[in-house]
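Structure first, commentary second.
Just so you know, all these numbers are worked out from the coordinates, no wet-lab data involved. Because the structure is a prediction, the values reported are computed rather than measured. As a convention, Cβ positions derive from the backbone with ideal geometry for all residues, glycine included, and neighbour counts pool all protein chains shown.
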Amino acid sequence: MHAEGVSKKFNRRNVLRDISFALAPGDSLAVTGKNGSGKSTLVKILAGVLSPTSGRVVYEASGSRLSSDEIRPLIGFVSPYLQLYDEFTAVEILDIIARIRSSGAHESARRRMLMEQFNLWDRKDDIVRTYSSGMKQRLKYVVALEHSPSILLLDEPTSNLDEDGINAVRKVVSEYGKSGVLVVATNDAVEAAWCSRQLKVGS
Amino acid sequence: MTFVKYGSIALISFVIVAGIAIPLTQSPQSWLEFPVIPGLEEKARNIFFHVPTAWTTVLAFLVSMVYGFRYLRTKNPDYDQKSVISAGLGFMFCILATVTGALWAKFNWGSYWNWDPRQTSIFILLLIYGAYFSLRSAVELEEKRASLSAVYAIVAGLTVPFFIFIMPRMMTGLHPGAQGDSSGGGPLFQSGMMAGNMRVLFYVALVGFNLLYVWLFALRLRIARLEDRQRLRQHRED
Amino acid sequence: MIKQIMAVFSKDVRSELRTRYALNALLMFVVTTVAIILFALRGEHAGPTVLAGMFWVAVFFTAMSGLSRSFVSEEERGTTMTLQLIASPTTVYFGKLLFNVMLTILLVAGVTIVYLAVFPAFEINDMSIFLLTVFLGSLGLASAATIIAAIIAKAGSRGTLYPVLSFPILIVPLMTVMNATVKSLEGTPFSDAMVDFVVLISYVMVMTAGSVLLFDYVWKD
């Protein structure tokens with residue numbers, strides 16, 4: 001995966017200017033910068049939910065460029081901007097998302113493992129609207145990880161999480177640090193230290 | 001551009017003078033006499049103003065659509081600028097065409113508005129332009145405003161063929177060429193009721209109004225770019 | 001692809017059944033609009049042309065109150081990004097289109113029942129013309145309303161702008177269905193209504209094809 005000269009403007013104001021980097025499996029990148037420096041914007045562009053004003057993000061697998069439809073199942077994304085359909089229960093949401101992804105049979109073993117890891121298994125049949133913000137954040141991790149993505153994009157990974165939650169995230173992060181591609185956007189020096197490389201955005 | 005500017009002024013002035021001054025006679029002998037078209041008489045002179053403005057309205061709309069499409073492709077704000085300018089001019093010509101048409105309708109068909117298919121079409125075009133500008137004023141982010149309004153212009157453009165080509169032939173109407181037209185001869189052009197000199201003057205008017213459009217377009221683009229530059233400079237000073 | 005579209009569609013249906021947001025509003029709007037028309041007519045006898053026109057007036061305004069929900073609700077709850085992450089734009093578009101087609105058909109069925117109940121002069125003399133008109137009309141209405149809803153959801157002032165943007169685009173199908181509905185009430189031969197059906201079918205095809213191509217630019221910021 002590599003980004004080539006990615007820029008984004010809002011109202012012709014440069015938010016991101018000419019950002020380039022390349023990441024291979026096993027690489028991890030921490031995106032740091034002040035509030036409003038464009039960390040979240042960059043992560044959204046990497047996730048493919050925002051298009052850059054100029055430049056491009058290219059994903060390659062065994063030498064050939066992947067289309068946006070091929071990239072989608074490879075990405076797991078957690079962000080405070082991400083909202084879930086909160087009129088459903090956790091299990092219903094996971095079912096709905098798995099069906100829309102049509103990622104085949106719902107891997108109930110993996111789901112159970114993830115939900116236990118994030119301490120949600122007991123509350124799996126509760127409507128998500130009744131969840132606390134920390135529990136919603138945990139559920140986002142389950143949603144992001146259930147389809148076994150090879151690229152994990154985390155924006156403010158530990159917001160709203162308690163100690164147990166943070167430990168669960170660290171475990172996931174260390175797994176991805178070895179085999180997958182990991183990008184973390186954060187202000188926290190501890191979280192930034194999870195990654196092997198750092199990129200500072202904004203002036 | 002000077003050529004376009006003075007050309008449009010000269011041609012339109014010529015059309016105004018010639019279109020109004022040339023007398024109508026039953027059997028025209030020279031180039032300086034118009035034939036009498038039954039049912040239209042003196043009112044036929046409006047063809048030099050009404051039809052070219054209506055034509056320019058449609059042209060401006062197409063130009064706006066094309067630039068909107070190019071904006072979506074390239075995300076270059078300059079194309080959005082051009083698209084809006086053309087839409088603004090199209091709106092102006094649309095009002096002119098509606099007013100000249102309504103006046104013509106009053107004296108030919110008895111009332112200003114008859115919901116003839118072509119009147120309906122131009123009314124819809126007015127609504128589309130109105131909706132386009134209301135959409136633009138509702139969106140604050142420039143990039144979003146540009147792409148949403150470009151998409152809207154194209155979607156609206158998709159319906160234009162329906163009311164230009166299909167509706168006039170489906171419904172009874174009063175315009176020449178519509179279903180139920182008593183002469184049955186199709187639009188004035190094909191029926192051969194327009195004499196040679198009228199046709200020449202008509203084409204002169206058409207070219208004149210198109211040049212006027214091009215000139216105004218260039219003028220507005222220059223103004224917009226200057227304003228942009230000024231805004232950028234202020235931005236830097238802040 | 002079809003499976004994914006159905007998954008988006010069924011998500012919207014289940015969400016709607018749980019929140020009843022659009023359905024309740026649509027039902028109330030049908031009742032309100034028909035009541036206003038009844039007051040306006042004051043027991044005056046209305047012919048087929050007026051009734052057919054009023055029929056689609058009721059459908060249009062009700063549709064304008066409910067069909068934008070499909071995209072506006074995603075935008076308001078902030079779930080747009082979730083959907084972008086898990087489904088391709090084309091999948092989302094067709095899922096939403098299907099949902100809006102279903103809502104429109106339900107809505108037209110509702111208006112038909114109310115009309116048959118309150119207007120004795122609303123007598124369908126040619127059922128085949130009527131059913132086909134209503135079906136193609138719903139497709140036409142939903143196809144244009146869906147892409148406009150997507151635009152509106154991304155724009156600022158949502159509610160007021162929706163009918164303003166939709167009306168010029170819906171005039172072609174509205175005039176055509178009004179024409180065809182008059183024919184079904186008067187009971188003209190089926191072949192007479194063919195022109196209207198051809199116009200409606202080509203409208204639906206042009207709108208849907210155009211929307212699919214343009215949807216990407218609206219859906220992604």
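In vacuum, with every alpha carbon of the range B:6-53 counted as one equal point scatterer, what does the Debye formula give for log10 I(q)/I(0) at q = 0.13, 0.16, 0.18, 0.33 Å⁻¹? Two decimals, please. One equal scatterer on each Cα of the range B:6-53 leads to -0.33, -0.48, -0.60, -1.22. Residue exposure proxy: A:Tyr81, B:Tyr203, A:Tyr131, ordered by other Cβ atoms within 10 angstrom of their Cβ from fewest to most, comes out as B:Tyr203, A:Tyr81, A:Tyr131.
What is the mean number of Cβ atoms from other protein chains located within 10 Å of the Cβ atom of each residue in peptide B:141-150, rounded to a whole number?
Numbers: counts 5, 5, 8, 7, 4, 0, 8, 8, 2, 3.
Per residue, the number of nearby Cβ atoms from other chains is 5 on average.
Seen from B:Phe34, the other residues with C-beta closer than 13 Å to its C-beta sum to a net charge of 0, counting Lys and Arg as +1 and Asp and Glu as -1.
Set the Förster distance to 25 Å, then compute FRET efficiency between A:Asp95 and C:Lys220 from the Cβ-Cβ distance, nearest 0.05. The calculated FRET efficiency here is 0.45. Axis angle, to the nearest 10 degrees, between helix C:48-66 and the longest C-alpha principal axis of chain C: 20 degrees. Sparse packing (at most 10 other Cβ atoms within 10 Å of the Cβ) combined with a DSSP loop state is found for the following GluC sites (Glu not before Pro) in the range C:13-108: C:Glu44.
Result for chain A in a Gaussian network model with C-alpha springs under 10 Å: among A:Ile96, A:Ile166, A:Ile151, the largest mean-square fluctuation is at A:Ile96.
Which net charge results when you count Lys and Arg as +1 and Asp and Glu as -1 among the other residues whose beta-carbon is under 11 Å from that of B:Ile20? Residues near B:Ile20 contribute 0 overall.
For the range A:45-122, applying the loop criterion from DSSP together with a ceiling of 15 other beta carbons within 10 Å to the GluC sites (Glu not before Pro) yields A:Glu107. For C:Thr91, the shell of other residues with beta-carbons less than 13 Å away shows a net charge of +3, using +1 for Lys and Arg and -1 for Asp and Glu.
So if I place +1 on the C-beta of Lys and Arg and -1 on the C-beta of Asp and Glu, and nothing else carries charge, what would the dipole magnitude of the range C:6-70 be about its Cα centre? I want it in debye, nearest 20.
On the way: 6 positive and 3 negative charges, 60 e Å.
For the range C:6-70, the charge dipole is close to 280 debye.
Computed with the Debye formula from one identical point scatterer per Cα of chain B, without solvent, the log10 of I(q)/I(0) at q = 0.10, 0.11, 0.12, 0.18 Å⁻¹ comes to -0.56, -0.66, -0.77, -1.37.
So what is the 222 nm mean residue ellipticity for chain A from helices alone, if each DSSP H run of at least 4 adds -39500 (n - 2.57) and you divide by all residues, rounding to the nearest 500 deg cm²/dmol? Intermediate values should be presented prior to the final figure.
Values: 7 runs with 69 residues, N = 203.
It comes out at -10000 deg cm²/dmol, rounded to the nearest 500.
Placing a pseudo-label 7 Å from each Cα along the Cα-to-Cβ vector at A:Thr130 and A:Arg170 gives an inter-label distance of 3.2 nm.
A helix-only calculation puts chain B at -25500 deg cm²/dmol for mean residue ellipticity at 222 nm, using -39500 (n - 2.57) for each DSSP H run of at least four residues, averaged over all residues. Taken residue by residue and averaged, Cβ atoms of other chains lying within 10 Å of the Cβ of C:204-216 number 3.
On the basis of the beta-carbon distance and an R0 of 25 Å, B:Lys5 and B:Gln26 show a calculated FRET efficiency of 0.05.
How large is the Rg to Rh ratio of the range C:110-221 when both quantities use alpha carbon positions and Rh follows Kirkwood? Walk me through the numbers on the way to the answer.
On the way: Rg = 16.3 Å, Rh = 15.4 Å.
Rg/Rh for the range C:110-221 comes to 1.06.
The Rg/Rh ratio of chain C, with Rg taken over Cα atoms and Rh as the Kirkwood radius over Cα pairs, comes to 0.98.
Comparing A:Asn167, A:Asn35, A:Asn187 in a Gaussian network model of chain A where C-alpha atoms under 10 Å apart are linked, the largest mean-square fluctuation is found at A:Asn35.
Between A:Asp69 and C:Leu27, the modelled label-to-label distance comes to 4.0 nm, taking each label 7 Å out from Cα in the direction of the beta carbon. The Cα trace of the range C:1-51 gives Rg and Dmax of 18.2, 52 Å, the first to one decimal, the second as a whole number.
Please report the base-10 log of the normalised intensity I(q)/I(0) for the range C:12-91, using a Debye sum with one equal scatterer per alpha carbon and no solvent, at each q in 0.17, 0.20 (1/Å). With one equal scatterer per Cα and no solvent, log10 I(q)/I(0) is -0.77, -0.91. At 1.002 mPa s and 20 °C, plugging the Kirkwood radius over alpha-carbon pairs of the protein assembly as shown into Stokes-Einstein gives what diffusion coefficient in µm²/s? Reported coefficient: 75 µm²/s. Among B:Phe48, B:Phe209, B:Phe14, the residue with the largest mean-square fluctuation in a Gaussian network model of chain B, with springs joining Cα atoms closer than 10 Å, is B:Phe14.
Taking 2.2 N^0.38 Å as the expected size of a compact globular protein, what ratio does the Cα radius of gyration of the range A:1-81 give against it, to two decimals?
Compactness ratio reported: 1.09.
Shown is the FRET efficiency for C:Ser191 and A:Ala61, computed with R0 = 60 Å from the Cβ-Cβ distance and rounded to the nearest 0.05: 0.55. For peptide C:196-203, the mean count of partner chain Cβ atoms within 10 Å of a residue's Cβ comes to 2.
Full extension of the segment from A:Met113 to A:Lys34, taken as 0.36 nm per residue of separation minus the current Cα-Cα distance, would add 24.9 nm.
Return the inverse of the average 1/r over all pairs of distinct C-alpha atoms in chain A, which is the Kirkwood hydrodynamic radius, in Å to one decimal.
17.5 Å
Taking amide H as placed 1.01 Å from N in the peptide plane, A:Asp162 has no amide H partner under 5 Å among residues 5 or more places away or on another chain.
D for the range A:95-203, whole µm²/s, Stokes-Einstein with Kirkwood Rh over alpha-carbon pairs at 10 °C and 1.306 mPa s: what number?
Working: Rh = 15.0 Å.
The calculation lands on 106 µm²/s.
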